[in-house]
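The values are calculated or read from the model by the stated rules, or taken from the named source; none is laboratory data. Every value quoted in this text rests on a predicted model; they were computed, and no experiment measured them. Cβ placement follows ideal geometry from the backbone for every residue including glycine, while neighbour counts extend to all protein chains displayed.
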Amino acid sequence: MKLLKKLPSLVLLFSALLFLAEGPGGTAEKNPQSVQVTIRTILAGNKVDEFDAKLKGMEQQLKSLKYRSYRSLKDDSKVVPWQGTQSFDIPGGRTLTVTPQEFQDNRIAVKVRLTEGEKPVVDTTVKIPNKGNFILGGPPHEGGVLVLSISAAAQ
Amino acid sequence: MELSDSELVKKSQAGETSAFQELVSRYHQKVFMVILGLLRNREDALDVAQETFFRAFRKINSFQGGSSFYTWIYRIAVNMSIDAQRRQKRNPLDFRESMDDVMEAQNQVAKDPFADVHDKELREKLTVAINDLTPDHKAVIVLRTIEGLSYKDIGEILGCSEGTVMSRLHYARKKLQDKLRAFL
Amino acid sequence: MNTCETIRESIGSWLDGELSPSASEAVRLHLAACSDCSVARQQLEKLQLVVKDELVTQAASIDFMPFWRGVQQRINRKRAWHEDLFEWSRGFLTAPRIAWAVPALIVVLLALFSLDSYLPGRGVRDNFASVESIDAHGRSVALLREDQTKTTVIWLYQDQEGENETAEEASKSGPTF
């Protein structure tokens, strides 16, 4: 009975703790320990009309590139520590290397390098919104072009 | 033919102030008694009693008839008394003087002067003893003693179970008996 | 607990008529046989009488018309808007309601903040990534922003002389917005 009377206070305390932990500016986001980097490799082409169902969540983004077909080749996701480097294999003998650098204003700065074998193709530093993505595309592959979706989420 | 409480309530809800006046006429003394039992001060009790009926007038349209009118008005009276008690800062001595003044003003002279002294002392002790009770215990004693309301009705007014009413009454009576044993 | 103690605890309820018939009969029989408990009953009856008498005497002196005039004055008095608001809040914003409303509000706010990234269209509102630096090592590169999906696109052209392509070839080799 006493516990029942205390219940609103307990709920308030629990909610307040939950809010502090998970709300805007919650602990996890103020001091993220690492970054989950996800690379989606897509083959875009103009030979046929096709849209891979696996890419449903990215339909709007991809169709803006105005290709006729989009096919998912691989998805790769890894947790990378700050200032740590992680490499992802990209079709065509290529490698994508990602280094999360800093977290500020809910944006993650990542350094990205695409190489073909040993040869650098592009080096770029991009500030991605937390849990957002950007597209790196254009390298030729199997009659079409590769489209890489690079996303990052603070952990 | 005398109208029932529910008929008077319906008329009041339709805007007939005379119907509400009739309800006030029926219950003003009983409501005053309950409030006086809780506040132990005549002026405060009068003020709160009038405020109780004013509050009832404003809320009359929200009265759906789920309970009887008297339990509804007593509920308002008890809640307003509890609010008033929280604001009250007087001590028991003031109460005794107020009641004495009132009794004298009403010419309540006992035939036996010794009895008068005895009764006066008993009332003083009674006031102190009742004031020592918590608002919850005061409320059950007053509602049961004055109105003879059932435990079910008292529970409805105070928002508690019949079992709670029974245990509070038992506790309050025991406390009063302990303090007033010499006079009983 | 002995019988007298049990009976004395029930005298009040017996006088109030709130005991079951069998319990009531048990109390009645005991009181008829026990003088101590009978005294306790008398004391309780006197107590109730004293309390009631005092209040009934007070109430009997209340005249109705002056009382009703006091109520009428309250009814007719013009109330300031804040009095009505205060009265409403006292009745509506009770402690138990506030005790539940505050954590409920926190949970709702939490849910809204969490949903932000899942609601259609809302998640992409701030999806523009900003390119701080880029080195395409001699290749042609285009930095594009697609407004509909709020997506930043870095497009690498296939040869180093991409700027010399005709418009028709560019439409086949790269995105158009």
Report, by residue number, each residue of region A:45-58 that is acidic (D, E) and loosely packed, with under 14 Cβ neighbours inside 10 Å. A:D49, A:E50
Considering only strands (runs of 3 or more DSSP E) wholly within region A:68-155, the ones with at least 3 residues that are within 13 Å of chain C (Cβ to nearest Cβ) are A:94-104, A:107-116, A:119-129, A:132-141, A:144-154
Counted residues, region C:1-54 - those being among the aliphatic types (A, V, I, L, M) and in contact with a His (Cβ under 7 Å, 6 or more places away or on another chain): 1
Need the failing condition index for B:V78 against (1) touching a Leu at 6+ places or on another chain (Cβ under 9 Å); (2) β-branched (V, I, T); (3) modelled with pLDDT under 85, just the number. (3)
Select, from C:R41, C:R74, the only residue that is in a helix (DSSP H, G or I), touching a helix residue (DSSP H, G or I) at 6+ places or on another chain (Cβ under 8 Å) and more than 10 Å from chain B (Cβ to nearest Cβ). C:R41
Residue by residue through region B:127-184, note down the ones that are closer than 23 Å to B:R86 by Cα and in a loop (DSSP other than H, G, I, E, B). B:D132, B:L133, B:T134, B:G159, B:C160
For region A:111-155, which positions are under 17 Å from A:D89 (Cβ atoms) and touching a helix residue (DSSP H, G or I) at 6+ places or on another chain (Cβ under 8 Å)? A:V147, A:S149
Can you tell me which condition C:L31 does not meet? The list is (1) surrounded by 16 or more Cβ atoms within 10 Å (Cβ to Cβ); (2) part of a helix (DSSP H, G or I); (3) among the hydrophobic types (A, V, I, L, M, F, W, C); (4) facing another protein chain (nearest Cβ under 10 Å), and all the others hold. (4)
Would you pick out the residues in region B:142-155 that are modelled with pLDDT of 90 or more and surrounded by fewer than 24 Cβ atoms within 10 Å (Cβ to Cβ)? B:S150, B:Y151, B:K152, B:D153, B:G155
Please give the number of the condition C:S13 fails out of (1) more than 8 Å from every other protein chain (Cβ to nearest Cβ); (2) under 30 Å from B:G163 (Cα atoms); (3) modelled with pLDDT of 80 or more. (1)
Starting from region C:145-156, keep only residues that are in a strand (DSSP E or B), then list their pairs with residues that are of a type in the set (K, R) whose Cβ atoms are within a distance under 9 Å, requiring at least 6 positions of separation or different chains. C:T151/C:R145; C:T152/C:R145; C:V153/C:R145; C:L156/C:R139
Give all pairs with beta carbons closer than 9 Å in which a residue from region B:44-56 that is facing chain C (nearest Cβ under 8 Å) and under 18 Å from B:R86 (Cβ atoms) meets a residue that is outside any helix (DSSP H, G or I) and not charged (D, E, K, R); count only pairs at least 6 apart in sequence or on separate chains. B:A49/C:I62
